[in-house]
Amino acid sequence: MIQIPGYAGLSKLGQGGMGIVFKARQRDPDRFVALKVCPPDKALDPTFENRFLREARSLSALSHPNIVKLYESGKESGLLFYTMELVDGVTLRQLLDARRPSVRESLRILRQICDGLACAHAAGLVHRDIKPGNILIAPDFTVKIADFGLAKVVAGDSLATTESGGALGTAHYVAPEQMENPREVDHRADIYSTGVLLYEMLTGGLPV
């Protein structure tokens, strides 16, 4: 059982390569949050720990209504964690699985993704994993970009790498240059992925 001081009522929301996400109540202030915890079996891997901490740092550097907000990060009893605002809605993946958005809805989603990415790019961050599962949609159709676990800091005209520089991202959504030369990708890779999202929203299929 995962226990972190100050948080109660954990219920699992999902799990991915970078961690397990729970819905939890933060006692002070009294609010519901999304609590992301590094998988215990990977917590001892320095490379994975660095990636997890880098995601928290990436989020902490961003403040935009279309990017999930970071509240707190830390380490308790050997568990790395951070908390984010809880988006009580669906992912774009879930929306696409249920129905095809209208053109008006698709453009509304697109505009908000672009606004959030513009903020990240202005801060020197490339997301590198824009896909339907990382786009959260609230009931009022507010869009939030999540999961900056693969984000990289752009230094000058190239990408500052802190690991092997292997091709990362999700097939069908990554730009060709991200597969061919991942060390050199810049903000245009995110724009390519966003274009794939728009194509999928409008047609129901993928360009590849």
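The values are calculated or read from the model by the stated rules, or taken from the named source; none is laboratory data. It should be emphasised that the depicted structure is a prediction, and the values quoted were computed from it without experimental measurement. Neighbour counts are summed over all protein chains in view; Cβ atoms, including those assigned to glycine, are modelled from backbone coordinates with ideal geometry. Ligands, DNA and RNA are excluded from the accessible area calculation, which covers all protein heavy atoms including side chains. Shrake-Rupley method; radii C 1.70, N 1.55, O 1.52, S 1.80 Å.
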Can you pull out every residue in segment 64-85 that is farther than 17 Å from D147 by Cβ, assigned to a loop (DSSP other than H, G, I, E, B) and in contact with a strand residue (DSSP E or B) (Cβ under 9 Å, 6 or more places away or on another chain)? P65
Tell me yes or no: at least one residue of segment 46-53 is within 14 Å of the chain's Cα centre (by Cα) and either more than 15 Å from T83 (Cα to Cα) or surrounded by fewer than 19 Cβ atoms within 10 Å (Cβ to Cβ) (or both). yes
Somewhere in segment 6-19, is a residue open to solvent by 20 Å² or more (accessible area, probe 1.4 Å) and in contact with a helix residue (DSSP H, G or I) (Cβ under 6 Å, 6 or more places away or on another chain)? no
Would you be able to say whether some residue in segment 146-156 is open to solvent by less than 50 Å² (accessible area, probe 1.4 Å) and at pLDDT 90 or above? yes
Quick one: which residue in L80, L70, L92 is open to solvent by less than 20 Å² (accessible area, probe 1.4 Å) and either hydroxyl-bearing (S, T, Y) or within 14 Å of the chain's Cα centre (by Cα) (or both)? L92
Flag if R99 is of a type in the set (K, R), surrounded by fewer than 19 Cβ atoms within 10 Å (Cβ to Cβ), in contact (Cβ under 8 Å) with a residue 24 or more places away in the chain and out of contact with any strand residue (DSSP E or B) (no Cβ under 6 Å at 6 or more places or on another chain): no
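Let's see how each residue does on (1) in a loop (DSSP other than H, G, I, E, B); (2) among the acidic types (D, E):
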residue: S11; (1), (2): no, no
residue: A24; (1), (2): no, no
residue: P29; (1), (2): yes, no
residue: V33; (1), (2): no, no
residue: D41; (1), (2): no, yes
residue: L44; (1), (2): yes, no
Log entry, pairs with first residue in segment 39-67 being under 30 Å from D115 (Cβ atoms), second being open to solvent by 50 Å² or more (accessible area, probe 1.4 Å) and not in a helix (DSSP H, G or I), beta carbons closer than 7 Å, six or more apart or on different chains, reads N50/T162; A56/S73; A61/A123; L62/A123
